[in-house]
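Trainee: My structure is below; once you've seen it, I'll send some questions.
FYI, it's all coordinate maths here, none of it is from the lab. Values in this document were obtained by computation on a predicted structure and should not be read as measured data. Don't worry about glycine lacking a Cβ; one is built from the backbone with ideal geometry, like all the others, and counts go over all protein chains shown.
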Amino acid sequence: MIGASGAGKSSLARALVGVWPAAGGAVRLDTANINDWDPLALGPYVGYLPQDVELFDASVAENIARLGAVDPEAVVCAAKLAGVHEMILRLPDGYDTQIGTGGHALSGGQRQRVALARAVYGDVRLVLLDEPNAFLDAEGEAALAEAIARLKAEGRTIVVITHRPQILASVDRVLALAHGQVKNFGPRDEVLAAYTRPAVVAGRQQAAQSKRPQADSPATTSAPADAAADRDAGPAAAAKAAVPAEPRFIQRSRR
Ligand SMILES: Nc1ncnc2c1ncn2[C@@H]1O[C@H](COP(=O)(O)OP(=O)(O)OP(=O)(O)O)[C@@H](O)[C@H]1O
Ligand SMILES: [Mg+2]
C-alpha cells in the first residue's frame, strides 16, 4: 500500500486487522466479516506491526509471545523468521532481557525488529506491516525482505505499507491511496508504471550516460539508485532492479 502522508494507509490498515470497524463496506477474511469474529479467537491468526511500535514492559520473549504463555520454540521460530534471533542473543539477557517502559532498553530499529517477530508469532495467516522499514538499517531491511519472501512461500497473506521503493520488489500487487480514496490497484509493475514520469526518467538516463560514458546498460541507470547498486547481488536484487522508477507518491512524500 502506497500513498502520501495522510492518504489514509494506516487508517485502512486498522480496518483491515479489525482494530477499527469499517465505516462503510466490510473487511472479509475468506468470506467472513472480520468484525463478526471473536477478537480472542481471531487474534492468533492476525499479525499487526503498527506504524508507532509499542512494546510491553516485559521480556523480549514475552513481547514476541504477545504476553500469552511463552512457548520458547514458537518464540525462537518467530524471531528467526523475522531475522532477529542473532540480535536478541546479543542482548544482555538474550530473550529474557527486560525491555522496560516503552521498550526504551532497545533502539528504534531493534524495537521494530522485535515487533516484526511479534507480528509473525504463531500460525498467523494475515500479516499487516505498517512501514516496517522506517527505522531499519541495511541488515534489518534484508531480514525484512527475507521474512516477507518466507511468509509468501508459506502461503500467508501480507499487506505492507511503505514509502520506500526497495520493499516493493517483494510484492505482487500495489494499492495506491490518495486523500482516503483508492487511486489505483493492480499488479505491481502496472500500478507503478502509472506513477513514473517518463520525461524525468529519460532525463536521468541522459545525464547518467553523459557523466559516465562506461556506465552499465541504460536499463539499470533508470532504476532507483539503490536498486542499481544492488543489481549484481542475486535474484532478490534483480527483482529490485525490475521495479520501475520511483512512484510519484513516494517522491512527493519525501519532499
Ligand atoms: N482517529 C482519527 N480520527 C479522525 N481522523 C483521523 C484519525 N486518525 C487519523 N486521522 C486522519 O486521517 C488521515 C489519514 O491518516 P493516516 O494515519 O491513515 O495516514 P497515512 O496514510 O498512514 O499517513 P503516513 O504516511 O503519514 O503514516 C489524516 O488526515 C489523519 O489526520
Ligand atoms: Mg501511516
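Trainee: Can you check what the net charge comes to around Glu154, using other residues whose Cβ is under 11 Å from the Cβ of Glu154 (Lys, Arg +1; Asp, Glu -1)?
Mentor: +3
Trainee: Near Ile88, within a Cβ-to-Cβ distance under 13 Å, what is the net charge of the other residues, with Lys and Arg +1 and Asp and Glu -1?
Mentor: Within the 13 Å Cβ shell, the charges total +1.
Trainee: Assuming R0 = 35 Å, what is the FRET efficiency of Asn33 and Ala153, from their Cβ-Cβ distance, to the nearest 0.05?
Mentor: Using R0 = 35 Å, I get an efficiency of 0.75.
Trainee: Given bins 10 angstrom wide, list per bin the percent of all Cα-Cα distances in region 68-138, short to long.
Mentor: Histogram of Cα-Cα distances, whole percents per bin: 19, 55, 26, 0.
Trainee: On to the next question. Within the P(r) computed for region 49-178, what percentage of the Cα pairs occupies the region above 19 Å?
Mentor: Here the long-distance tail beyond 19 Å is 44 percent of all Cα pairs in region 49-178.
Trainee: Ranking request for peptides 85-97, 19-31: highest mean number of other beta-carbon atoms within 10 Å first, then the rest in descending order.
Mentor: 85-97, 19-31
Trainee: A further question follows. Over the residues of region 1-107, compute the C-alpha Rg and express it relative to 2.2 N^0.38 Å.
Mentor: 1.27
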